[in-house]
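Every read-out reported here was derived from the displayed coordinates using simple, explicitly stated rules and does not represent laboratory data. In this text the structure is predicted, and so the values were computed from the model without any measurement. When we count neighbours, we look across all protein chains shown, and the Cβ atoms used for this are built from the backbone with ideal geometry, even at glycine.
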Amino acid sequence: MTTPPTPRLLPSTRPDGKPGYLLTDRDDSYVARYADGVEALQLGMCGGLMEHARAMIGDPAVDARQLRFLAQQLCAALADAVRIAQLRGAG
């Protein structure tokens with residue numbers, strides 16, 4: 001008797017804003033590999049954004065508008081990181 005596959009929450013939402021799921025018993029399927037790649041890209045972008053933020057925060061020439069934009073981007077990156085943690089069962 002085989003265990004039914006567990007739905008995997010995908011790293012992006014459907015066009016209607018609802019979460020998308022993958023239901024497969026193969027970790028090497030095209031969609032699973034694509035989702036892994038998207039997650040890796042998102043985490044890489046988070047790291048790059050953090051480096052950029054550190055530089056901006058230490059720069060006295062950066063104005064409030066730039067810091068607000070930075071805060072928006074950091075919030076989006078944090079949302080991605082939290083979603084990936086949830087995808088991987090840490091949340």
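What is the order of CYS46, CYS75, fewest Cβ neighbours within 10 Å to most? Don't skip to the end; give the middle numbers.
On the way: CYS46 17, CYS75 10.
Least crowded to most crowded, the residues run CYS75, CYS46.
Could you give the length gained by full extension between GLN86 and LEU67, i.e. 0.36 nm per residue of separation minus their alpha carbon distance, to one decimal place? Spell out each step's value before the answer.
Values: separation 19, 0.36 × 19 = 6.84 nm, distance 2.82 nm.
Using 0.36 nm per residue and subtracting the Cα-Cα distance, I get 4.0 nm.
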- Task: Estimate the FRET efficiency between TYR30 and LEU78 by the formula 1/(1 + (r/R0)^6), using the beta-carbon distance for r and 41 Å for R0, to the nearest 0.05.
- Result: 0.90
- Considering the chain as a Gaussian network with a 10 Å cut-off on Cα pairs, which listed residue, ASP16, ASP80, ASP63, attains the greatest mean-square fluctuation? ASP16
- Fewest-first sequence of LEU87, LEU67, LEU10 by Cβ atoms within 10 Å of each Cβ: LEU67, LEU87, LEU10
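Can you give me the relative contact order of the chain as a percent, contacts being Cα pairs under 8 Å and 6 or more apart?
Working: 63 pairs, mean separation 24.9, N = 91.
RCO, the chain: 27 percent.
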- Kindly list the residues of region 62-91 that lie in the label zone of TYR21, defined by a backbone N under 17 Å from the point 7 Å along the Cα-to-C-beta vector. 86-91
- Taking Cα atoms, the helix 64-87 axis meets the longest principal axis of the chain at an angle in degrees (rounded to 10) of 20 degrees
